[in-house]
1. Would you work out what percent of the accessible area of the chain, with all protein chains in place, is carbon or sulfur (probe 1.4 Å)?
2. With each label point set 7 Å from Cα along the Cα-Cβ vector, what nm distance links Gln206 and Thr194?
3. Ordering Glu47, Glu69, Glu108 by how much accessible area each has at a 1.4 Å probe, largest first, what is the list?
4. Treat each spin label as a single point 7 Å out from the Cα along the C-beta direction, and report the Glu96 to Arg160 distance in nm.
5. Per-residue accessible area for His8 at 1.4 Å probe radius, Å² rounded to 10?
6. Dipole size in debye (nearest 20) for the stretch 1-62 around its Cα centre, Lys and Arg Cβ +1, Asp and Glu Cβ -1?
7. Ignoring ligands and nucleic acids, what accessible area does Lys70 show with a 1.4 Å probe (Å², nearest 10)?
8. Taking only the alpha carbons of the chain, what extent do you get along each of the three principal axes, in Å, biggest first?
Amino acid sequence: MILFKKEHQLQNYLTTLKLDKKSIGFVPTMGALHAGHLSLIQKAKEENDCVVCSIFVNPTQFNNATDLEKYPRTAAKDIELLTSVGTDVLLMPAVEEVYPKGLDTTLELDFGKLAMVMEGQFRPGHFDGMAQVVNRLLDMVKPHSLYMGQKDFQQITIVRSMLAQLESEIKLVMCPIMREENGLAMSSRNVRLTPENRILAVKISQTLSAAKKLVNDKTPNEVKEWAMQELSIPEFRPEYFEIVDGITLQSIDDFSETNFAVACTAVWAGDIRLIDNMVLKS
Ligand code: AMP
């Protein structure tokens with residue numbers, strides 16, 4: 001694996017590959033890697049000649065300074081993991097490399113209602129920062145394909161909208177959610193859970209799975225109310241549990257309204273915010 005910190009060095013390397021007609025798959029991450037991230041690398045490896053992974057904890061997408069400060073940083077272990085799965089290139093730029101003085105990286109895109117609900121409602125500015133960094137990283141790597149996880153369902157939907165608005169030819173590939181054996185969605189933030197809350201957090205995926213079984217008997221609102229109750233244990237504070245159309249991300253009133261219904265939730269477990277989702281109907 002070759003490690004680059006500078007954009008021009010990365011581009012020199014990748015330009016040669018592209019001239020040789022090699023395909024480039026790109027997996028952006030914020031590090032503190034786990035098997036979920038590695039599944040994206042593996043998928044990218046299956047479909048490309050060269051896989052580039054980036055590790056960059058993007059300050060512009062954090063709406064909470066403590067969350068940014070406490071975001072786990074495990075560079076040495078990440079490098080080991082990426083090497084073990086055969087990653088070709090790792091990009092680890094400094095903040096000044098991604099946002100150099102004098103370069104306007106702001107994006108004038110409108111995500112409309114996609115960005116107003118769920119994460120957009122509870123994390124103001126998050127998606128503007130996320131889109132800004134993904135666009136900037138895509139500009140640095142210029143890949144043929146981009147691999148992102150269903151784990152961040154609203155994020156990938158907004159990136160899809162961004163690529164469409166930019167008339168980009170980059171192929172976006174959505175990879176399934178990797179879970180712990182007990183069902184907890186893998187997340188870099190899981191290491192910050194207390195041992196007790198890490199066990200209790202299985203309740204989130206259990207509630208999503210149970211919600212899926214209620215689709216034929218209850219309305220989306222009934223399922224939502226039931227799920228919010230289920231998740232309201234003393235140690236947790238559910239922020240939302242929404243049942244949305246998987247394309248528009250807007251709440252549905254009846255399951256017959258869409259062929260693609262997704263339940264999305266965000267739950268505070270102590271001071272750690274966890275998100276998860278499940279396709280209820282597709
Ligand atoms: P992050 O480092 O959290 O920004 O995540 C980088 C990428 O990995 C994003 O596309 C995420 O959706 C994806 N990802 C995070 N957790 C998982 C998981 N448990 N399973 C699959 N993909 C994931």
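1. Answer for the chain is 51 percent, counting heavy atoms of protein chains only.
2. 1.9 nm
3. Result, largest first: Glu108, Glu69, Glu47.
4. Inter-label distance under the simple model: 4.0 nm.
5. Accessible area, nearest 10 Å²: 110 Å².
6. Result for the stretch 1-62 is approximately 100 debye, rounded to the nearest 20.
7. My reading of the accessible area for Lys70 is about 100 Å².
8. The Cα atoms of the chain stretch 57, 41, 37 Å along the principal axes, largest first.
The values are calculated or read from the model by the stated rules, or taken from the named source; none is laboratory data. Small disclaimer: the values here were computed from a predicted structure and weren't measured. Backbone-built Cβ (ideal geometry, glycine too); neighbour counts: all protein chains shown. Just so you know, the surface numbers come from the protein's heavy atoms only, side chains and all, with ligands and any DNA or RNA stripped out. Shrake-Rupley method; radii C 1.70, N 1.55, O 1.52, S 1.80 Å.
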